[in-house]
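What follows is one structure encoded as structure tokens, with my remarks underneath.
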Amino acid sequence: MEVLIVDDDRAVREALTKALDQAGYETTAVENGLAALAAIRVRSFAVIVCDVKMDFFDGIRLYHELEAEYPELRDRFFFI
């Protein structure tokens, strides 16, 4: 299962990546919602774990973009 991690805090991205990798998941980590959209357009993710507050293209905006463009991802999106 592939998980997309979206967080502007590098330490959080690295901690989540490490924990999920050790649990056997494949992970991709990006630093904002725009980078997440780019990743989603070229790959399929089973789960998206996303920070709510980010300076550039925050989690709420990403969720709304996905809701419109990829409604099937709406139930696989988790805020942290």
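What whole-number distance in Å separates the alpha-carbon centres of the stretch 27-80 and the stretch 6-21?
Distance between centres, Cα-based: 15 Å.
How big is the Cα convex hull of the chain in projection, averaged over all directions, in nm²?
4.5
By per-residue mean of other Cβ atoms within 10 Å, what is the highest-first order of 17-25, 61-69, 32-40? Kindly include the intermediate steps, with their values, before the conclusion.
On the way: 17-25: 12.3, 61-69: 15.3, 32-40: 19.1.
Order by mean packing, descending: 32-40, 61-69, 17-25.
Every read-out reported here was derived from the displayed coordinates using simple, explicitly stated rules and does not represent laboratory data. What you are looking at is a predicted structure, and each value in this text was computed from that prediction instead of being measured. Quick reminder, even Gly has a Cβ in these numbers, built from the backbone with ideal geometry, and neighbours come from all protein chains shown.
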